[in-house]
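To keep things clear, I will list the structure first and then write my remarks on it.
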Amino acid sequence: MPEFMKLCRPDRSDETFRKAIHIASTGGDCGSDNVLYWAIQRFGVFELKQATGSDRVRSLWRTIYNQRLSEHRAGTLPPIPQQLKALPGPGGARTFSSEDIRVMIDKAMNKAAA
């Protein structure tokens, strides 16, 4: 009977594989799906971006995803870590003119000489 129940359970691996490729390619978010997050981390973001969808790649994804799903059911899968704040983009950081830098260097040199 357990084999029958297992066969009746839908295999989400193809759906999650496509979703993982999309997340890796667009820099998207897993939301609160820690199984998907940790499966992507284990499989590799670069590898997902290069994924061809071959049977071997899908089989590897299925294995990794099912391992993470088992860990989740056992309560041993950690939560998704808090996202760190990104560095500012070009032009978003505080910049200094060459004159400002010269003044700062002069102040530092005077302080060191004193």
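Details
- Taken about its Cα centre, the chain carries a charge dipole of about 120 debye when Lys and Arg each add +1 at the Cβ and Asp and Glu each add -1 at the Cβ.
- Distance between modelled label sites at A93 and K49, nm, 7 Å Cα→Cβ extension: 2.1 nm
- Each peptide in 66-75, 34-43 was scored by the mean count of other Cβ atoms within 10 Å over its residues; highest first, the order is 34-43, 66-75.
- FRET efficiency, M109 to K85 (Cβ-Cβ, R0 35 Å, nearest 0.05): 0.55
- Couplings 3J(HN,Hα) for segment 77-84, derived from phi with the Karplus relation 6.51 cos²θ - 1.76 cosθ + 1.60 (θ = phi - 60°), are 7, x, x, 5, x, 5, 6, 7 Hz, where x marks Gly and Pro.
- Relative contact order for the chain, counting Cα pairs under 8 Å that sit 6 or more residues apart, in percent: 25 percent
- Only alpha carbons enter this Debye calculation for the chain, each as an equal point scatterer, and the log10 of I(q)/I(0) it gives at q = 0.11, 0.14, 0.20 Å⁻¹ is -0.54, -0.69, -1.13.
Bear in mind these aren't lab numbers, they're just calculated from the coordinates by the rules spelled out. Predicted, not measured: the structure shown is a model, and the values here were computed from it. All Cβ positions, glycine included, derive from the backbone under ideal geometry; neighbour counts span all protein chains shown.
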